[in-house]
Amino acid sequence: MFSHMTQLYFAYGSNLELQDWRTYCRRNGLHADGLQPLHPAVAPDHTLAFTRYSQKRGGGVLDILPRRGAAVTGMLFSVCDATLAALDHKEGAPNAYERVPITVLDGDGAEIEAFTYRVRPQDRAPFVAPHADYLAVCAAGRAGFAIDASILDDAAAGRPAGEIHTAFVYGTLMRGERGDHFWSRHETPPNPRAARVAGLLKDCGPYPGMVRPLPQEAGADTLVRGELLAFSDITTVLDDFDRYEDFTGYGAPGNVYRRVPVAAREEVAGAVTEVRAWAYILLDHDRFPVIAGGCWRSHRAAG
């Protein structure tokens, strides 16, 4: 009899393709049915890379690596104990891949503790080109869950994958505000562009805070208005921004804000473009009042 205990698993590669998963389990007499999809999730400050040769796949296979300013979208699954054993078998754990804990984010930026598989550090190569068949399996898995597969193109070419070069700021980091020196003194400072993000803005006195998810009473058009800042290399800027926003890392206690990927909307000449950007959401916000209209500058001027 199979155990009904479950764990949360973050999948980012071939295990997203459920037909490939079931075929493997059937061929090896393993329990496949305990792998149940829940919802998409993002591994922040991580990237995908092909770092290990697989004889079975005929080329490089995917690995997930820490990388500041990058993010990997995948799928969160629930896994029963029997299927966990099947996953270990398929991933060659602990001899090829190792099972490791990882903090991922849901669509609203909430943290979820899960596990995933990564290539053992001692077995990694800088880059191993994947076979087209394996790449197709990974792409099909992403398509099946409507997850963007463009990250695979960069990883398959040996380029940095999943990098987010833009920040969405809406308070004291905007142009002309007291925190803009963190980016305006950059060697090549960006030109801020007006944008908006779905969210609720709270008045914390000397600064605002964006809240996600939206409460039930909020309208579908509830937006936070701010600026997009694009950098060729955002790594050092994020170091400064994280310290400024009292964010010490995913899963760390005592954070005031959390850095999350958001879909910002920028309007140019009547056309709206969606831009993936980093933004900071306020965690302890219940005691603060809402800023109507979602614009901190207008609210402050009116006050």
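The values are calculated or read from the model by the stated rules, or taken from the named source; none is laboratory data. As the structure is a computational prediction, the values presented were derived from the model and not from experiment. Neighbour counts run over all protein chains shown; Cβ positions are idealised from the backbone, glycine included.
Has the range 211-224 got at least one residue that is of a type in the set (G, A, S), under 21 Å from C295 (Cβ atoms) and not in a loop (DSSP other than H, G, I, E, B)? Outline the logic, then answer.
From the range 211-224, those of a type in the set (G, A, S) are 218-220; that's our starting set.
Subsequent filtering for residues that are under 21 Å from C295 (Cβ atoms) retains 218-220.
Right, trim to not in a loop (DSSP other than H, G, I, E, B) and you get none.
No, every residue in the range 211-224 fails to be of a type in the set (G, A, S), under 21 Å from C295 (Cβ atoms) and not in a loop (DSSP other than H, G, I, E, B).
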Study note, to complete from the structure: Scanning the range 248-292 for residues that are within 16 Å of the chain's Cα centre (by Cα) and not in a strand (DSSP E or B) gives G249, Y250, G251
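Of the residues that make up the range 109-116, is at least one assigned by TED's automatic domain parsing to the domain that holds W21, of a type in the set (S, T, Y), crowded, with 20+ Cβ neighbours inside 10 Å and within 24 Å of P253 (Cα to Cα)? Step through it out loud before you land on a result.
We begin by selecting, within the range 109-116, every residue assigned by TED's automatic domain parsing to the domain that holds W21; these are 109-116.
Restricting the remaining residues to those that are of a type in the set (S, T, Y) gives 116.
Next, from what is left, pick out any that are crowded, with 20+ Cβ neighbours inside 10 Å: 116.
So of that shortlist, the ones also within 24 Å of P253 (Cα to Cα) come out as 116.
Yes, some residue in the range 109-116 is assigned by TED's automatic domain parsing to the domain that holds W21, of a type in the set (S, T, Y), crowded, with 20+ Cβ neighbours inside 10 Å and within 24 Å of P253 (Cα to Cα).
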Review point. Out of (1) touching a strand residue (DSSP E or B) at 6+ places or on another chain (Cβ under 6 Å); (2) under 20 Å from P37 (Cβ atoms); (3) surrounded by fewer than 18 Cβ atoms within 10 Å (Cβ to Cβ); (4) charged (D, E, K, R), the odd one out for R124 is which?
Key: (2)
Check your understanding: Under the condition of being assigned to a loop (DSSP other than H, G, I, E, B) and of a type in the set (K, R), which residue from the range 28-70 is farthest from the chain's Cα centre (by Cα)?
Key -> K56
Review point. Restricting to the range 1-27, what's the tally of residues that are within 21 Å of A140 (Cβ to Cβ) and not in a strand (DSSP E or B)?
Key: 16
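For (1) closer than 21 Å to V72 by Cβ; (2) in contact with a Leu (Cβ under 9 Å, 6 or more places away or on another chain), each residue gets a yes or a no:
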| residue | (1), (2) |
| --- | --- |
| Y257 | no, yes |
| E266 | no, yes |
| T273 | no, no |
| A279 | yes, no |
| F288 | no, yes |
| H299 | no, yes |
Review point. Quick one: is Y134 assigned by TED's automatic domain parsing to the domain that holds E17 and in contact with a helix residue (DSSP H, G or I) (Cβ under 6 Å, 6 or more places away or on another chain)?
Key: no
Revision key, fill the gap. The residue that is farthest from R258 (Cα to Cα), considering only those in the range 147-171 that are without any contact (Cβ under 8 Å) to a residue 40 or more places away in the chain and part of a loop (DSSP other than H, G, I, E, B), is A157
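Would you say A132 is surrounded by fewer than 14 Cβ atoms within 10 Å (Cβ to Cβ) and at negative phi? Can you show your working first?
Details: surrounded by fewer than 14 Cβ atoms within 10 Å (Cβ to Cβ): yes; at negative phi: yes.
Considered against the rule, which asks whether it is surrounded by fewer than 14 Cβ atoms within 10 Å (Cβ to Cβ) and at negative phi, A132 comes out as yes.
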